Amino acid sequence: MAKAASFAQVLFQCARRFDEQALARVRARSGLAIRPAHTALFPHVDLAGTRLTELARRVGVSKQAVATLVDELVEMGAFERVPDPSDARAKLIVFARRGGRLRIHEGLAVLGELEAEAARALGRDAVRQLHQRLGELLQWLRDREA
């Protein structure tokens, strides 16, 4: 009962279920054995590329843990390691040029499908307001980190 009364618990459950449904669709379409740990990296990789150490910092886990996940995503063809133009000794993690861009767009398309389904179930205005309010909540949380 206390969990259902908690705004945060409901938010966590919604996020987990949304993620699970999106992953199931991506797995079915791509044939990739992608896991939540993999997709946790995607929002933190800049389109121009991100160094492994920065990626680990953004995700909040060790460099070694992120390196393992990146290795798996490179193997799947979703990521590539490329030289960092600002430092020849460093590498950037980027979305793969061959198929990787297509896969990231496929993932975004799946999210769009789920959002459209939610809009049909809850109403477009309700989903639009929810999006706006979640954006405000996210900004509030970011401001508290500063």
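Numbers at a glance
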read-out	value
Potential lengthening between A40 and V82 on full extension [0.36 nm per residue; Cα-Cα distance subtracted]	13.1 nm
For the stretch 59-68, 3J(HN,Hα) per residue [Karplus equation, 6.51 cos²θ - 1.76 cosθ + 1.60, θ = phi - 60°, Hz, x = Gly/Pro]	7, x, 10, 5, 4, 5, 5, 5, 4, 4
Neighbourhood charge, 12 Å Cβ-Cβ cut-off, centred on P43 and excluding it, Lys, Arg +1 and Asp, Glu -1	-1
Relative contact order of the stretch 7-145, pairs being alpha-carbon contacts under 8 Å that are 6 or more residues apart, as %	19
Expected 222 nm ellipticity per residue - DSSP helices of 4 or more, -39500 (n - 2.57), all of the chain, to 500	-22000 deg cm²/dmol
Volume per residue of the C-alpha convex hull in the stretch 7-145, rounded to whole Å³	135
Under 5 Å, built H, 5+ apart or other chain: amide partners of F79	V74, A96
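Every read-out reported here was derived from the displayed coordinates using simple, explicitly stated rules and does not represent laboratory data. Just so we're clear, the structure is a prediction, and the values are computed from it rather than from any experiment. All Cβ positions, even for glycine, are placed from backbone atoms using ideal geometry, and neighbour counts span all protein chains on display.
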